[in-house]
């Protein structure tokens, strides 16, 4: 990486870590707190966990389109301000309806598409997956920290205090946005190029990230309640489960991604990772002795996919339409979180938390089914070979790819 690429990657990682820590910090404690506000299990509990995904999904495409027009940084600053406001409202919620409204407002800070597009603008294709992996691992680290700190902070503050901390984090992230390197000018996309963001290969990746985050949201509707209600572990002790698992799951990510990139096998690894995710969801609720291993399997596969899918989208999307392509991708991601949490809340109403976790495996089976259909037909991802980048005589990276089938 060049110094500018390194600076952009690290600052963007810090911005997303500050913002995403706010969401992750409340995950281990939000479902029990929402249940106490609602008074009974139901869809409202799931929506409190994943409701932000609905407004995120609705706004990612408009925000991505807007970032192509007015620039990435103004969109990111506005989104972070909206997120801070939603966090302050959530901190003062006295009933489930106010909490749901606040979570929807938090989702209005839809900066994921603009952030990812800015990273693509500031990095070469040959290092982009590594940059995405750095950001993904940073978010994974924030996830680890949040899962530990969130339950631990319950001894000195209540859940509303976590939302106040989230608002402060968003304000700090706004300062970091101003420190980012200047982005190259964005050339307007031609009108006839607009449909290119809805190509079959990009839509398959969009569907993949939808299923991935539906599985994650379902997991965190059921897992905290299962640990508390079925196994008798209070929320303040859940970090003892998450800490070793998350540390162990982060270790293989970088070596594995670099190995797969050097051999051009990122795309081929996707079905294997999805099978691991699905198997882990089936086994998590079996008995507590399985929990560390199955959670490790889940997050190893999750971290690999979380780094690889957006990188593949950024490579295939036209440069002038990258913001819109990442907007569609991010919309699918957050819509998946919303649908996974909503379905998890519905399942929770009629069955126990362990069944909610098992329902997450259904999303994995659906994803595997779609991959199988594409492979037996003509997999759109295979129409562009995933080959290592090569250097031209002038030193600029190019990717050896076969042309897409029209």
For the structure I just gave you, tell me whether residue 229 is touching a helix residue (DSSP H, G or I) at 6+ places or on another chain (Cβ under 8 Å) and over 30 Å from residue 311 (Cα atoms). yes
If you go through segment 291-300 one residue at a time, do you hit one that is more than 29 Å from residue 353 (Cβ to Cβ), surrounded by fewer than 23 Cβ atoms within 10 Å (Cβ to Cβ) and free of Cβ contacts under 8 Å to residues at least 60 places away in the same chain? no
May I ask you to list the residues in segment 248-264 that are surrounded by 15 or more Cβ atoms within 10 Å (Cβ to Cβ) and outside any helix (DSSP H, G or I)? 264
Inside segment 122-175, the number of residues satisfying the requirement of being surrounded by fewer than 18 Cβ atoms within 10 Å (Cβ to Cβ), within 14 Å of residue 16 (Cα to Cα) and over 19 Å from the mean Cα position of the chain (by Cα) is 4
Considering residues of segment 265-290 that are free of Cβ contacts under 8 Å to residues at least 40 places away in the same chain and outside any helix (DSSP H, G or I) only, the residue surrounded by the most Cβ atoms within 10 Å (Cβ to Cβ): 286
Just one of 279, 295, 309, 289 is out of contact with any strand residue (DSSP E or B) (no Cβ under 6 Å at 6 or more places or on another chain) and modelled with pLDDT under 85; which is it? 289
Any chance you could count how many residues in segment 78-121 are outside any helix (DSSP H, G or I) and surrounded by fewer than 24 Cβ atoms within 10 Å (Cβ to Cβ)? 5
Only one of 325, 269 is modelled with pLDDT under 85, under 18 Å from residue 207 (Cβ atoms) and touching a helix residue (DSSP H, G or I) at 6+ places or on another chain (Cβ under 8 Å). Can you tell me which? 325
Check on residue 12, surrounded by fewer than 22 Cβ atoms within 10 Å (Cβ to Cβ) and under 29 Å from residue 184 (Cα atoms): no
Across segment 345-367, what is the number of residues that are within 18 Å of the chain's Cα centre (by Cα) and closer than 20 Å to residue 51 by Cβ? 2
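The values are calculated or read from the model by the stated rules, or taken from the named source; none is laboratory data. Every value quoted in this text rests on a predicted model; they were computed, and no experiment measured them. We place every Cβ from the backbone using ideal geometry, glycine too, and count neighbours over all the protein chains shown.
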